[in-house]
Number of protein chains: 2
Amino acid sequence: MLGEFDLIDRYFRDAAAHRDDVVLGVGDDGALLRPKAGFDLVMVTDTLVEGTHFKSGASPHSIGHRALAVNLSDLAAMGAKPAWALLALTLPATDESWLKEFASGFLDLARQYGLALVGGDTTRGPLSVTVQAIGYVPYGRGLRRSGARVDDVVLVSGTLGDAAAGLHDSNDYLSQRFDYPTPRIALGESLLDVASAAMDVSDGLLADLGKLTAASGVGATVTIDSLPLSKELLGERGRDEARRLALTGGDDYELLFTMPPARWEQWQRISTERSVADQSVAITPIGHIDAHQGLRMTLAGQPIDRTALGIVRSGWDHFKA
Amino acid sequence: MLGEFDLIDRYFRDAAAHRDDVVLGVGDDGALLRPKAGFDLVMVTDTLVEGTHFKSGASPHSIGHRALAVNLSDLAAMGAKPAWALLALTLPATDESWLKEFASGFLDLARQYGLALVGGDTTRGPLSVTVQAIGYVPYGRGLRRSGARVDDVVLVSGTLGDAAAGLHDSNDYLSQRFDYPTPRIALGESLLDVASAAMDVSDGLLADLGKLTAASGVGATVTIDSLPLSKELLGERGRDEARRLALTGGDDYELLFTMPPARWEQWQRISTERSVADQSVAITPIGHIDAHQGLRMTLAGQPIDRTALGIVRSGWDHFKA
């Protein structure tokens with residue numbers, strides 16, 4: 001029987017970042033952690049299941065990266081800085097080379113953000129990975145979905161639709177966007193006291209903006225013309241399909257957030273004055289918040305409905321896309 | 001597609017305990033938590049997979065209870081008091097009555113310990129449940145596996161072997177011991193500054209004592225005569241098989257711990273003076289720590305080996321037992 005003792009020990013012990021808020025890491029019944037004063041903790045969990053979230057036979061390095069990245073993206077959406085993670089790994093059999101690659105994908109990303117893997121569990125069963133991550137956010141300042149107000153600008157980082165295309169497309173850029181999402185940690189932190197509401201785009205723009213506006217008790221209008229689309233997506237799929245994927249495709253793990261128009265004006269000035277290295281992802285305004293609940297779309301200044309855009313579902317289901 | 005938004009909302013929102021260290025619970029990208037000062041945090045995770053940890057068709061109420069209980073048992077082993085949990089639930093399909101029962105089993109136990117369910121994720125795939133739990137332990141005082149010293153008494157709570165028998169036995173008491181393990185939270189807390197080392201018995205006494213002694217750099221001798229066996233286990237299986245199950249069966253979730261002989265004498269006096277309600281589980285000395293690494297056993301004062309006891313494996317594999 002696979003034991004947490006054997007596997008976690010061999011591939012993960014002492015391999016992630018060392019932190020002085022970790023009293024005791026992998027190897028006991030639990031991890032002992034000493035939270036820093038002056039911060040709230042943000043606690044998130046996400047599961048990736050073979051056949052639902054990744055294809056059978058997918059690169060274990062990518063699975064390791066994504067399993068952590070999707071959790072870090074949730075931390076970014078709250079404005080948190082990553083600190084600790086637990087890894088619960090269910091495997092059909094022990095496969096050393098698979099594990100080694102998986103661990104490498106996971107730990108490469110963990111090191112990049114100074115995150116310590118402090119424990120976990122390995123069990124036998126159908127392949128799936130559940131990660132729990134915890135991060136720090138300054139006391140009382142965590143970002144939420146519920147703060148969007150009428151007239152706020154709706155903004156999104158990066159480009160949308162790439163990951164959904166990348167799942168079925170051999171284009172290197174697009175498939176990398178699916179296999180190696182970038183959690184927008186620095187952006188999330190820079191949104192503290194700036195964004196009125198924030199979340200990450202995991203289920204697709206329309207689905208996620210629907211949740212953000214519902215949580216805030218408002219509605220929104222999206223200007224289709226302004227959706228940020230990569231040249232790779234446009235080249236592979238054409239403008240209409242690119243827009244459909246941007247609206248309904250999931251797994252981009254960009255940040256979706258809102259702020260009052262005056263603050264957006266001010267924030268653009270501040271960001272331009274800072275170095276590009278601090279803020280290397282583009283931010284695009286894609287609409288505005290309004291009082292009427294639900295979502296509306298415009299194209300060339302005219303209202304347009306989902307059917308006219310060829311959208312039959314607003315949700316996102318990888319293997320039926 | 002099952003969404004965390006729908007399921008977690010419907011069955012779990014506002015249903016666990018309310019706590020003033022939870023700033024924001026279920027419903028956003030993550031939970032916002034405000035740790036109390038003066039404590040370290042203990043963070044644990046455990047997964048239950050259908051076919052590995054419970055039989056297909058097992059009671060969803062029991063699965064809900066066990067998924068949380070096995071994590072609380074890890075907290076107990078560190079001496080921690082439960083505070084928060086996340087639930088990652090993978091289901092082959094939406095089954096409302098299953099979910100309702102599962103949630104009831106989980107939340108009944110959560111309420112008992114004042115634990116708040118602060119978030120989670122629901123995904124589609126083969127049935128499995130991963131829980132992460134976090135508890136408080138007074139600053140710097142968390143129990144570990146690594147503190148056992150030569151001559152320490154080895155102690156165990158409750159009785160051993162019941163759960164392993166209960167998996168294959170129709171006896172109500174024994175099957176309840178498998179389906180509804182009791183995390184020894186109060187006992188764990190009472191061991192702070194008392195036990196030199198502690199862990200929970202999840203893989204079987206020999207396997208787990210092997211880990212405790214290895215972590216402490218010592219060995220141990222177990223007196224087979226003194227193993228605590230329930231009258232139900234003895235009645236159903238007879239003395240020899242009961243002893244084998246006590247040594248190798250897993251899933252009892254009792255606490256295994258050590259302390260110096262003088263402290264054990266003192267602790268027995270203190271415990272007897274306290275009310276039974278504070279400490280309602282029996283504690284049994286089952287051996288002692290010695291300098292020679294590895295585990296030894298005695299019966300009627302004579303050394304005895306595993307083969308003579310009919311033990312062919314020291315590990316524990318539910319569906320081959």
> Mind checking whether some residue in region B:279-289 is modelled with pLDDT under 95, assigned to a helix (DSSP H, G or I) and surrounded by 10 or more Cβ atoms within 10 Å (Cβ to Cβ)?
Replying inline: no
>> Any residue that is open to solvent by 10 Å² or more (accessible area, probe 1.4 Å), within 14 Å of chain A (Cβ to nearest Cβ) and under 15 Å from residue B:296 (Cα atoms) - is there at least one of those in region B:247-254?
In response: yes
> Which condition does residue A:94 not pass, out of (1) open to solvent by 10 Å² or more (accessible area, probe 1.4 Å); (2) out of contact with any Leu (no Cβ under 8 Å at 6 or more places or on another chain), if it passes all the others?
Replying inline: (2)
> Restricting to region A:76-105, what's the tally of residues that are in contact (Cβ under 8 Å) with a residue 60 or more places away in the chain and charged (D, E, K, R)?
Replying inline: 2
>> Return the residues of region A:205-246 that are within 11 Å of chain B (Cβ to nearest Cβ) and open to solvent by less than 10 Å² (accessible area, probe 1.4 Å); say none if nothing qualifies.
In response: A:208, A:212
> Got at least one residue in region B:129-140 being at the interface with chain A (Cβ under 9 Å from one of its Cβ atoms) and on the phi > 0 side of the Ramachandran plot?
Replying inline: yes
>> Go through region B:169-214 and report how many residues are among the aliphatic types (A, V, I, L, M) and in contact with a Ser or Thr (Cβ under 7 Å, 6 or more places away or on another chain).
In response: 5
> Only one residue in A:196, A:190, A:226, A:216 is under 17 Å from the mean Cα position of the chain (by Cα) and among the small types (Gly, Ala, Ser), so which one is that?
Replying inline: A:190
>> Kindly evaluate residue B:57 against the criterion of being more than 13 Å from every other protein chain (Cβ to nearest Cβ) and surrounded by fewer than 24 Cβ atoms within 10 Å (Cβ to Cβ).
In response: yes
>> For the condition away from chain B (no Cβ under 14 Å) and within 20 Å of residue A:62 (Cβ to Cβ), what is the one hit in A:186, A:165?
In response: A:165
> Given the structure, is residue A:40 at pLDDT 90 or above, out of contact with any helix residue (DSSP H, G or I) (no Cβ under 7 Å at 6 or more places or on another chain) and among the charged types (D, E, K, R)?
Replying inline: yes
>> So, in region B:229-271, exactly how many residues are assigned to a loop (DSSP other than H, G, I, E, B), of a type outside the set (Ser, Thr, Tyr) and either within 17 Å of residue B:205 (Cα to Cα) or under 21 Å from the mean Cα position of the chain (by Cα) (or both)?
In response: 6
> Only one residue in A:72, A:41, A:33 is more than 7 Å from chain B (Cβ to nearest Cβ), in contact (Cβ under 8 Å) with a residue 24 or more places away in the chain and not aromatic (Phe, Trp, Tyr). Which one?
Replying inline: A:72
>> Go through region B:192-204 and report how many residues are among the hydrophobic types (A, V, I, L, M, F, W, C) and open to solvent by 10 Å² or more (accessible area, probe 1.4 Å).
In response: 3
> For residues in region B:106-136 being part of a helix (DSSP H, G or I) and of a type in the set (D, E, K, R), which is farthest from residue B:90 (Cα to Cα)?
Replying inline: B:111
> Out of curiosity, is residue A:52 modelled with pLDDT of 90 or more, among the β-branched types (Val, Ile, Thr) and under 24 Å from the mean Cα position of the chain (by Cα)?
Replying inline: no
> Can you find even one residue in region B:84-105 that is at pLDDT 95 or above, within 9 Å of chain A (Cβ to nearest Cβ) and outside any strand (DSSP E or B)?
Replying inline: no
>> Please count how many residues of region B:106-128 are open to solvent by 40 Å² or more (accessible area, probe 1.4 Å) and either within 8 Å of chain A (Cβ to nearest Cβ) or free of Cβ contacts under 8 Å to residues at least 24 places away in the same chain (or both).
In response: 3
>> Anything in region A:193-203 that is out of contact with any Leu (no Cβ under 7 Å at 6 or more places or on another chain) and either at pLDDT 95 or above or not polar (S, T, N, Q) (or both)? List them, or say none.
In response: A:193, A:194, A:196, A:203
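The values are calculated or read from the model by the stated rules, or taken from the named source; none is laboratory data. Everything quoted here is computed from the prediction, not taken from an experiment. No Cβ is skipped: glycine too gets one built from the backbone with ideal geometry, and neighbour counts run over all protein chains shown. All accessible areas refer to the heavy atoms of the entire protein, side chains included, with ligands and DNA or RNA removed. Shrake-Rupley method; radii C 1.70, N 1.55, O 1.52, S 1.80 Å.
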